[in-house]
Amino acid sequence: MPVPYLLSLLLVLVGLAVLLFVAVRVFRSLSRFGAAAAAVGGHVDDRAGLLRARTAALKVAIAERRSTRSANDSDDSSARTI
């Protein structure tokens, strides 16, 4: 009797079809997630670059202020006490 074999074959085919459907959905979701992660990564890199630039500008400003202060201190003939 071929009926049990047909039923088993039908169940295997249905299982493979469901597996294929789920796999396609997962890969599409992963693709969208990858695109979104790349966009977020680019945005974070841009913001981090701006933060590094601001930090560098602050370091330059502080160094300039210190050099101006030390130049003014050396011009004063009187010693300052606190």
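Here, each number is a calculation from the coordinates, and none is a lab measurement. These figures come from a predicted structure and were not determined experimentally.
Its DSSP H runs of at least 4 residues, each contributing -39,500 (n - 2.57), put the calculated 222 nm mean residue ellipticity of the chain at -34000 deg cm²/dmol, to the nearest 500.
The gain in end-to-end length when the LEU30 to ARG65 segment is fully stretched comes to 7.5 nm, 0.36 nm per residue minus the alpha carbon separation. Angle, helix 3-75 long axis vs. longest principal axis of the chain, Cα atoms, 0 to 90°, nearest 10? That helix lies at roughly 0 degrees to the long axis.
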